[in-house]
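Worksheet: one structure, shown below.
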Amino acid sequence: MTEQNPFEMAQKQLDDCAETLHLDPGAHEILRQPMRELHVSIPVRMDDGTTRVFQGFRVQYNDALGPTKGGIRFHPEETIDTVRALAAWMTWKCALLGLPLGGGKGGVICNPKELSDGELERLSRAYIDQIWQFIGPDKDIPAPDVYTTSQVMAWMMDEYSKRVGKNQFGCITGKPICIGGSCGREDATARGGMYTIREAAKALGLDLKNVTVAIQGYGNAGCNAAFLCKELFDAKVVAVSDSKGGVYNKDGLALENVCDYKAKTTSVVNTPDVEQITNEELLELDVDVLIAAALENAITRDNAPNVKAKILAELANGPTTPEADAILYDNGVHVIPDFLCNAGGVTVSYFEMVQNISMYCWSIEEVYERLNTKMTDAYHSVLDASRIYGINMRQAAYVVAVDRVVEAMRLRGWV
Ligand code: GLU
């Protein structure tokens, strides 16, 4: 499997865009590197009385459009380059959605599956103790990401509030609803992705009712996506997988059974009464829609030639390498690129910030309606750019987003 450094991948995507846009070399140079980054050592008292020191990062990539925004990942294989790439993609994501925000990302090298609740809480608080002066409601606003939950956000918000001596709900998003969270944040990433899939299906003349769907990755985004495919489109989810493997039923999976089984055993693998498949097999299934909802580097030059789906919806960040991108484009696969497809999460996070600032709670209907409008507009701005410039959907998303960030930098006198 050809793995690629995610930050080199992000820089390569930007370089291609710079060429299309004939970008000013100074602006290009600014956008190739993070504006600022913080590396921290995080001491945590473990349950057995020993102290362990975890490594963490917070990267603020670019704040021309507003305070930086982006999630915090707790992952054993976290690297600074992954966080840099994710912070860059947050910059393009916020710009593409027309949010008054820049891009950032955080990460801690740890395996939350091996931590007790107490250890997880102490790690979450200790991370904030190390970075609190670097973040804030009008500076840099973290949120959930891989293996961080609304509970983790609650601890972090509480710790930040204690540090500054007042309640600061707006310092972090993705919080539980009763302490400043927004209705609809929990499944916002998946729901936003569904709105883009709906628009892509219309553009391709595909009838969504009864389309077949395979989903790689069964965390928050993948699992919510499976249920929403059924609820919103009456689509048939034939396969899902997690890091250990996948399950398949050509007539459609009974999603409740798969979920119950995963809740009991931590994996979908060995769910009764379904066929067992590998992750590789899932990616190559003959389905209408393939949803990549796991991690980076899922679709590479090795397996891209075998992708048969008509639409590839990237709910994960960075699942497709640039080499794979070119192959998918040549093979006519309609890719909904990550920072468009998964932008629902940060969009509802932004709604959460607006609600926190105005001390007012929106109804779920209001959140869905505003999310729908934002995602639909963003999808069509990308589709239009891809047609105008004759470029693929990812390149088009870059063109729209980078152009907005560069315009902000120009107006601010940075270039
Ligand atoms: N972690 C999510 C993302 O990658 C959400 C970020 C946020 O809500 O700020 O878009």
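The values are calculated or read from the model by the stated rules, or taken from the named source; none is laboratory data. Note that the structure is a prediction, hence the values are computed from the model and not measured. Neighbour counts run over all protein chains shown; Cβ positions are idealised from the backbone, glycine included. Note: accessible area is taken over every heavy atom of the protein model, side chains too, but ligands, DNA and RNA are not part of it. Shrake-Rupley method; radii C 1.70, N 1.55, O 1.52, S 1.80 Å.
Some notes on this structure:
- Of all residues in region 317-361, those that are of a type in the set (A, V, I, L, M), surrounded by fewer than 24 Cβ atoms within 10 Å (Cβ to Cβ) and away from the ligand (no atom under 14 Å from the Cβ) total 6.
- Residue, nearest to Cys223 (Cα to Cα), within region 234-258, restricted to residues that are in contact with a strand residue (DSSP E or B) (Cβ under 8 Å, 6 or more places away or on another chain) and part of a loop (DSSP other than H, G, I, E, B): Leu253
- Qualifying positions in region 267-319 - hydroxyl-bearing (Ser, Thr, Tyr) and free of Cβ contacts under 8 Å to residues at least 40 places away in the same chain: Ser267, Thr271, Thr278
- For region 83-109, a residue qualifies if it is away from the ligand (no atom under 12 Å from the Cβ) and at negative phi, and the qualifying residues are Arg84, Ala95, Pro100, Val108, Ile109.
- Tabulated pairs, region 211-223, first within 17 Å of Ala263 (Cα to Cα) and in contact (Cβ under 8 Å) with a residue 24 or more places away in the chain, second open to solvent by 20 Å² or more (accessible area, probe 1.4 Å) and basic (Lys, Arg), C-beta under 7 angstrom, 6+ apart or interchain: Tyr218/Lys262
- Tabulated pairs, region 5-16, first closer than 17 Å to Ala396 by Cβ, second aliphatic (A, V, I, L, M), C-beta under 8 angstrom, 6+ apart or interchain: Ala10/Ala85; Ala10/Ala88; Leu14/Leu31; Leu14/Ala88; Leu14/Val402
- Filter pass, Ile299 being of a type in the set (A, V, I, L, M), open to solvent by less than 10 Å² (accessible area, probe 1.4 Å) and within 16 Å of the ligand (Cβ to nearest atom): no
- All of (1) within 15 Å of the ligand (Cβ to nearest atom); (2) assigned to a helix (DSSP H, G or I); (3) modelled with pLDDT of 95 or more hold for Gly174 with one exception: (2).
- Residues in region 108-125 include none that are under 23 Å from Cys341 (Cα atoms), part of a strand (DSSP E or B) and touching a strand residue (DSSP E or B) at 6+ places or on another chain (Cβ under 8 Å).
- The set of residues from region 261-285 being out of contact with any strand residue (DSSP E or B) (no Cβ under 8 Å at 6 or more places or on another chain) and either in a loop (DSSP other than H, G, I, E, B) or crowded, with 17+ Cβ neighbours inside 10 Å (or both) comprises Tyr261, Thr266, Pro272, Asp273, Glu284.
- In a residue-by-residue description of region 196-209, the property of being within 15 Å of the ligand (Cβ to nearest atom), assigned to a loop (DSSP other than H, G, I, E, B) and more than 30 Å from Ile357 (Cα to Cα) applies to no position.
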